[in-house]
1. Give me the pairs: first residue in region 371-393 and assigned to a loop (DSSP other than H, G, I, E, B), second residue among the aromatic types (Phe, Trp, Tyr) and buried (at least 23 other Cβ atoms within 10 Å of the Cβ), beta-carbon distance under 7 Å, and six or more apart or on different chains, which are they?
2. Based on what the data block shows, is residue 247 more than 30 Å from residue 18 (Cα to Cα) and in a helix (DSSP H, G or I)?
3. Go through region 1-48 and give me each residue that's of a type in the set (Phe, Trp, Tyr) and not in a loop (DSSP other than H, G, I, E, B).
4. When you check residue 546 against the structure, is it at pLDDT 85 or above, closer than 25 Å to residue 358 by Cα and outside any loop (DSSP other than H, G, I, E, B), yes or no?
5. Name the one entry in 396, 411 that is crowded, with 24+ Cβ neighbours inside 10 Å and touching a Phe, Trp or Tyr at 6+ places or on another chain (Cβ under 9 Å).
6. Does residue 54 qualify as being of a type in the set (Lys, Arg) and not assigned by TED's automatic domain parsing to the domain that holds residue 8?
7. Which residue pairs have Cβ atoms under 6 Å apart, sit 6 or more places apart or on different chains, and have a first residue in region 21-45 that is at positive phi and a second that is not hydrophobic (A, V, I, L, M, F, W, C)?
8. Please give the strands (runs of 3 or more DSSP E) falling wholly within region 95-206 in which 2 or more residues are closer than 15 Å to residue 79 by Cβ.
Amino acid sequence: MDGVLILHKPSGPTSHDVVGLVRRLSGTKRVGHGGTLDPFASGVLPVFLGLATRLVEYHMGDGKAYRATACFGASSATDDRDGELAPGAGPAPTRDVVVAALAGFRGQIEQRPPAYSALKVAGRRAYELARQGIATELAPRTVTIRRIELMDWDDSDPARPTAVLDVECGAGTYIRAIARDLGERLGCGGYLGALTRTSSGPFRLEAAHDLDELRAAALDGPEGLARLLLPIDAGLDAMASTQLTDAEVAAVSRGQQIKPVRRPTVAADRPLRLLDERGALVGVGSVKAGRIVPEKIFVAPPISAAAEVAAEVAAATGAATGGNARAADIAVAPKAPQPPENREPRLRVATLTDPAVVVGGVDALPSELGRLYVAVGVFDGLHRGHLYLLRELRRAAERAGAKAAVITFDAHPEEVVLGLAPPLLCDPDERLVRLAAAGAEVTVVQHFDHALRMTSYEEFVARIRSRVELAGFVMTPDAAFGHDREGTPTTLAALGLREGFVVSVVPSLLVDGEQVRSSEIRRRVADGDLGGARHLLGRPLSVMGRLAAAEGPGAASAPRRLEFDLPVTLPPAGRYSVLVGPPWGHSLPPEPARRPTLATVEEGTVLLEPARGVPASAARIRVVFMDREPGT
């Protein structure tokens, strides 16, 4: 139930009441509106359901149009008909006097908000203070009135004439304040007697559904209500847009910045609708330094397709645990760099009683998984420190009678937090296989976006506990998750005492006296120290990419360019001895790379020299860097 519902709110219920009605009839918890209407007011109330709530912010600046009735000869404590009235001091105005006075209300004006408003004063709502008799002075603010015209005049009661006005204004304008200020300017007092919102941005009253239509549609079930909904991006036609290729859609769905094929013409930091090749909305982003930065994404990344990935990992793990693979508690890296070989070392795996399970997000965790002991992290690289933590996770899970579960992310958090993610040390498909091999019985691939970044650790834990029984967490002392990284071992342990789970804190793994970190591995790779990087990773550096199709005369003997879907960690420019093998994932076993050849790294790309067994047509392959060639 995702979309925009344009309602005609009647006089009487609050905007919150209408949202509550939509929530009950639709069975959708995520419902919001696009601008409050006072209870006595009627008219257009845009209501946003499901995914559409993430776009409400782009409607908050929408202009509004009203049909308002201003009453003269009295003033109101609330500036409208609901307040206590006090007679005005001066004589009632004539029609011509009112028309002349309206000229002073056009354009940008300073407006004092009503005392009975929802604005906050010292942390409290102004209307709460006003009801208690506490006088408040709300500072004037600039508002824009594009049009205000007299449409009708009624002086059948000469002491209390009324004027019907059409007003078109910017967001934040109080129509009550216009009636009040008009009466003050004329010296007779004034207040708002009736109000109908005729449009809110692009949404107009004639297209709105009344509450009786809403209730009737609900009788036909979700399908009936869905017929009343507009698309989630309805009304955003004025926002700039750009179409992305399928590969670009896959990248932004993971939260990755992209350099688009089609360069959009939009000012920096202005919102930009991202569309796929078919014109369907993918998300909203902005342009910074020539890159599109995704901010709100509405499509699932390919890696989060739970059923497909689960089958892929189960097949890969099953293949890895059979044959000649040696079962070990955790793969243990050698203590010193090993000399290059003519094949990549076989993946050593933990023995799992059941196939590994992969789930596309914590909200999709099936309750039948039972008790879970959890480790949270990016796990980029699956280096020796990660393998050590996963060993401790398995041990803690066994002691608690729970399954060892890992929550990882489909995009690096730094992509969202800092705007640029570090290059990957491990392909996402390979990461899933390595997690299962290291003993993760359940892997949750959580979509990381701005909404998740702003989620508190308490809410994130509550989401896990709403789906499964949480036995505990395994963490290192410096680990943290949740908004502002407030979910530390200390705060989680305190939460666990109240909620019934434990937190196991294990010391960070030290190699040669230093903590193993992905950033240090990247630094060593960038410095050309492949042996040092291998020492911390526990294996040689590898990348997965797609061979560009060979074209033209002599293509079969020409070097082949390796293209990457995501930024990857590469050594400095030069020639390297490498091993080539099939990719991991997509129901393929993690077969060691065996085919030796040479690769040239230049300007962030890899050129593979022709070799026996390397596919001639475009294909995805693994390339394992063994050593740098002498003299390069």
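1. From residues that are assigned to a loop (DSSP other than H, G, I, E, B), the pairs are 378/409.
2. Judged against the criteria, residue 247 is a match.
3. 48
4. Here the answer is yes, as residue 546 does meet what is asked.
5. Selected residue: 411, the only one of 396, 411 that is crowded, with 24+ Cβ neighbours inside 10 Å and touching a Phe, Trp or Tyr at 6+ places or on another chain (Cβ under 9 Å).
6. Spelling it out, it is not the case that residue 54 is of a type in the set (Lys, Arg) and not assigned by TED's automatic domain parsing to the domain that holds residue 8.
7. Final answer for the pair search is 35/200; 43/196; 43/197.
8. 162-169, 190-200
The values are calculated or read from the model by the stated rules, or taken from the named source; none is laboratory data. For clarity, every value in this text was computed on a predicted model and none was experimentally measured. Don't worry about glycine lacking a Cβ; one is built from the backbone with ideal geometry, like all the others, and counts go over all protein chains shown.
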